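Report on one structure; see the data block that follows.
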Amino acid sequence: MIIDLNRIPFSRRNSYMAISRLKKEYETADVKEGLYLRTVHGSAERSIVAKLTPLFDGKEEAYSTNLELAALVITSGDRKIEICFDDEKTLLFRGNEGTGMKIDFMTEYNKNDYIYDIKHRAYTLYMANCYKNNCRYLIWAQKDKISLEQNWNEMEAEYSRLTVSSLDGFMFAIQEVEREWNGKIRKFDFGLSRQKTQEDFLEFLRTVPSYPLAHQERVYLAAYIEWSSIVGANGFLERDIMLVSKNWLADKTGWNLNLNAIALSYKNPKHAWEHFLQMFDLIDTTGRLPDSFNDSYVKWNHVKPPVQGFVLSKMMENMKLDSDQLIGAYLLMKRATIWWMRYRDFRHEGLFVYDHAKDSGWDNATSFSLFPPIAAPELQVYLILQMDMMAKLSEMLSIEEDVTFWKKQSDKLLAHFLERCIRDNLPVNIHSNTGEIVECDSLLPYQVLLLGDKLPEPIKKACIDTLKSDKFRTKYGIATESPASALYSSNVKFRGPIWGPATYMLLEGLKACGENELAKEEARKYIQLVQEKDLAENYDALTGEGIGPNVYTWTASAYLVMLHEYLD
């Protein structure tokens, strides 16, 4: 499998360690193009731990990288360096004749970083105390020796580098030590470690949704992106969780957490449920859910849209919940739904608002061009669907009075939505305080199609006719902003590019309204983009070119779900 280390880091399930290859555009005073060991712990001041420089006959040379059987393989001619994980905290490096590796811990950035040696039996080990990363790393050689170069200037290290270079090959380990080393030195078998990691990936691969065999290569890559983006329970994370990425967005948001849960629900119900619950692990006393989080921090400045009702309905199509899960889902979602009812109906008139575009998950969509608060049509729809799910769960749990309550709330919100958020049979954003309509050409309001038959026929028809026109549809997919809009931009987040999650939600809306063929046609376009242009963050709506330096798990999940749901 070939992975582009500039966009997809080398890592493994449950690890906070990753290796990335940075291009020239990331260069700073101390960061140059090359391979870097990185950490994705949220407490790190800087994600870069050390620069890894492969050596061939003691010199730096051009090299290529490839992923082979769970090992990152670096080659120059017939000389080869392999890197694999033994476990989530231990990286193994092995080189054949004439190879070596220099590890520069880049103390120029923070001179509180330094390395000290530890004499342990017949071994000399090196502990890199990386203040910038809020972590320490133990390095020792199982074959050949490591040399230390460090200039200590009274209270700080001006530079700290470790080098291993051997005529007949080498092998050494780098182990993450968050607090204390246990004093044990393990003997490693590189082949066995690689095999163990490979088997772990194959176990995950078997749980992706079923797919046509013609797409196997891309599915393997999507599965690798998801598997390698998982980190273990730690700090604020009570469960193993799939991050957005282990590159430059190493945290989690409600948006992609839920899409990942859907992708996992087909054959991996245990982990799907864990992903669904993670947001609720962090629910506060008012019932508010966080904006984003990782192992070290939780951000509360914004929220994310209440899509949990829709998501749980999709999960329940693929997996069966036991009584404890039903009760847990109901009680947690009840708290979160009441939060919206209590805190986001600013005028107490039955319409709910976002107080910033970031609350919607579409950070810069033109539907939020007026100063907030904005009553968005899709927000009302998400909450209607959530209230419907609350009524369904209440019924399954035989809580009759709650069934009546949630059905009444859903009907009331539907009436307010139809009265206030529809103009000329099309959805509109309105300013909550003034009632002013936000004039825009954003795709986002059309997610109201998720209501399906709850939408009156004239509204349903007007929305579908618009989506069948060339307002948003292009040769390559559905643009997030109409290409005819004065505010359209080919590479500005939600002002034009095609996104996997946005496309998926619209497909589900079309399907709910009986437009199965249109949904399949647009799904095929997105799948074709992934096949031809790789798994990009998003895509140019007019050229189909991939956009963005990274690959995120929401792209992989959207692709996997569309393959399963929309290809015959």
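Charges were assigned to the Cβ only: +1 to each Lys and Arg, -1 to each Asp and Glu. The resulting dipole of segment 407-455 about its Cα centre is roughly 360 debye. Annotation for F371 and E158: the two label points, set 7 Å from Cα along the Cα-Cβ direction, are 5.5 nm apart. Counting only residues at least eight positions apart within a chain, or on another chain, the lysines with an alpha carbon under 28 Å from that of K320 are K252, K267, K270, K304, K334, K392, K407, K408, K454, K511, K520. Rounded to 0.05, the FRET efficiency of the L487 and D78 pair, given R0 = 56 Å and the Cβ-Cβ distance, is 0.55. Using R0 = 45 Å, the C-beta based FRET efficiency linking D144 and L542 works out to 0.25. Once the chain from N425 to Y343 is taken as fully extended at 0.36 nm per residue, the excess over their C-alpha distance is 26.6 nm. Among the listed options (i) 0.99; (ii) 1.01; (iii) 1.11, the one matching Rg/Rh (Cα atoms, Kirkwood Rh) as calculated from these coordinates is (ii). Taking trypsin sites (Lys or Arg not before Pro) across segment 146-200, the ones in a DSSP loop with at most 13 further Cβ atoms lying within 10 angstrom of their Cβ are R179, K184, R186, K187.
Farthest towards the positive end of the charge dipole of the chain, among the residues N425, Q325, N96, is the Cα of N96, using unit charges on the Cβ of Lys, Arg, Asp and Glu. Rounded to the nearest 20, the size of the Cβ-charge dipole of segment 17-199 about its Cα centre is 400 debye, with Lys and Arg at +1 and Asp and Glu at -1. When the chain is described by a simple charge dipole with +1 on each Lys and Arg Cβ and -1 on each Asp and Glu Cβ, the residue from A44, L69, A375 located farthest towards its positive end is L69.
Distance between the pseudo-spin-label points of E436 and L192 (7 Å out from Cα toward the beta carbon): 7.0 nm.
Full extension of the chain between N66 and Y116 gives 14.7 nm of extra length, using 0.36 nm per residue less the Cα-Cα distance.
What whole-number value in cubic angstrom gives the convex hull volume per residue for the C-alpha atoms of segment 374-487?
On the way: hull volume 13.2 nm³, N = 114.
Cα convex hull per residue, to the nearest whole number: 115 Å³.
Counting other Cβ atoms within 10 Å as a rough exposure proxy, the listed residues T39, T53, T285 run T285, T53, T39 from fewest neighbours to most. Computed extension length for K299-D87: 73.3 nm, one decimal, from 0.36 nm per residue of separation with the Cα-Cα distance subtracted. Projecting the Cα atoms of L510, M1, S485 onto the charge dipole of the chain, computed from C-beta unit charges around the Cα centre, puts M1 farthest toward the positive end.
Annotation for W181 and D411: the two label points, set 7 Å from Cα along the Cα-Cβ direction, are 7.0 nm apart. Overall, the chain carries a charge dipole of about 480 debye about its Cα centre when +1 sits on the Cβ of Lys and Arg and -1 on the Cβ of Asp and Glu, all other atoms neutral.
Kirkwood radius, segment 17-199, all distinct C-alpha pairs, inverse of mean reciprocal distance: 16.7 Å.
Each reported figure results from applying straightforward, stated rules to the coordinates on display, with no laboratory input. This one's a predicted model, so the numbers in the text were calculated from it and none came from an experiment. Because the Cβ atoms are built from the backbone with ideal geometry, glycine has one as well, and the counts that use them run over all protein chains shown.
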